[in-house]
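Just so it is clear, none of the values below were taken in a lab; they were calculated from the coordinates. Just so you know, these numbers come straight off a predicted model, no measurement behind them. Glycine gets a Cβ as well: all are built from the backbone with ideal geometry, and neighbour counts include every protein chain shown.
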Ligand code: ATP
């Protein structure tokens with residue numbers, strides 16, 4: 001579904017991604033892991049079109065999209081749930097969900113998709129008239145994911161969905177990601193919770209200082225001594 005070939009991205013003079021390549025197959029959950037500042041969000045923002053590539057290609061469903069706008073990519077089905085959720089705090093839950101359906105196809109199907117989203121997140125139904133800023137952290141994350149889903153993603157990119165959540169809510173979020181995957185949505189997952197991310201994904205990439213330093217099947221990465229030492233806090 002997605003092939004990234006040797007992309008380079010800079011912020012001004014500072015090059016942040018150095019020849020990053022990766023692939024996401026249709027129907028997969030793929031993890032991108034790495035420490036703070038490794039370039040994970042930069043990679044997400046480059047796939048969604050918020051950042052420009054300096055070099056390299058991004059191919060989605062057979063088409064080169066690296067020069068397409070963010071909006072065109074959303075219409076094609078690449079939807080990002082950004083780090084820190086980026087909700088509109090003064091708007092209600094319902095209004096935030098409406099914002100997610102801003103392109104024509106999504107607007108047309110909003111009612112039906114909303115129902116599906118509320119089936120996955122019943123708590124959002126209960127709180128649909130509440131201001132988003134007054135939701136708990138876990139509820140806000142559900143809303144951010146729900147807002148992504150009403151945009152009709154083919155590939156949903158989740159940037160650190162477990163950030164700032166208690167261990168129980170982290171588990172909930174990962175269950176939700178699996179549920180979304182079961183309904184047929186491809187997922188690219190950026191996480192610092194390496195263990196849980198590798199448990200639910202089929203493959204993973206490890207990014208360090210803007211380079212992919214390791215890639216493989218998730219069970220192999222979970223078993224890898226270097227990964228254990230560097231990212232799972234296990235002494236070998
Ligand atoms: P975290 O897990 O902390 O969110 P990350 O892996 O997502 O980290 P990025 O946010 O992609 O990392 O940042 C990678 C590098 O690029 C960092 O050194 C960061 O300071 C820098 N950077 C990110 N955004 C910008 C920006 N808009 N302008 C300048 N530098 C930036």
### Message
Suppose we keep just the alpha-carbon trace of the stretch 49-110; what are its Rg and Dmax in angstrom?
### Response
14.0, 40
### Task
Note the full-extension length gain between residue 108 and residue 220 as 0.36 nm times their separation in residues minus their Cα-Cα distance, in nm to one decimal.
36.0 nm
### Task
Obtain the nm distance between the two label points defined at residue 182 and residue 21 by a simple spin-label model: each point lies 7 Å from its Cα along the Cα-to-C-beta direction.
3.6 nm
### Message
Rounding to the nearest 10 and keeping the result within 0 to 90°, find how far the Cα-based axis of helix 167-182 lies from the longest principal axis of the chain.
### Response
90 degrees
### Two-site label geometry, residue 61 and residue 192: point separation in nm, points 7 Å out along Cα→Cβ
3.5 nm
### Query
When N is the residue count of the chain, what does its C-alpha Rg come to as a fraction of 2.2 N^0.38 Å?
0.99
### Residue-averaged [θ]222 nm for the chain, counting only DSSP H segments that reach four residues, each worth -39500 (n - 2.57)
-11000 deg cm²/dmol
### Task
Among DSSP beta bridges whose residues both lie in the chain, state the antiparallel percentage, nearest 5.
55 percent
### Query
What number, in percent, do you get for the relative contact order of the chain if the mean sequence gap of Cα pairs under 8 Å and at least 6 apart is divided by its residue count?
26 percent
### Query
For the stretch 102-236, what Kirkwood radius comes out of the mean inverse Cα-Cα distance, in Å?
16.4 Å
### the chain: most fluctuating residue of 168, 158, 118 per GNM, C-alpha cutoff 10 Å
168
### Task
Averaging sequence separations of C-alpha pairs under 8 Å and six or more residues apart, then dividing by the length of the stretch 109-236, give the relative contact order as a whole percent.
16 percent
### Query
Given 0.36 nm per residue, what is the gain on full extension from residue 35 to residue 232 after removing their alpha carbon distance, in nm?
69.8 nm
### Task
Please determine, in degrees from 0 to 90 and to the nearest 10, the orientation of helix 137-149 with respect to the longest principal axis defined by the Cα atoms of the chain, where the helix direction is its Cα long axis.
90 degrees
## Note on the structure
Cα gyration tensor of the stretch 1-110 diagonalised, 5x eigenvalues square-rooted, in angstrom largest first, produces semi-axes 26, 18, 13
### Message
Based only on Cα atoms, what mean projected area does the convex hull of the stretch 105-151 have, in nm²?
### Response
3.1 nm²
#### Entry: Relative exposure of 91, 1, judged by other C-beta atoms within 10 Å (fewest first)
91, 1
### Message
Once you place label points 7 Å from the Cα toward the Cβ at residue 129 and residue 211, how far apart are they in nm?
### Response
5.7 nm
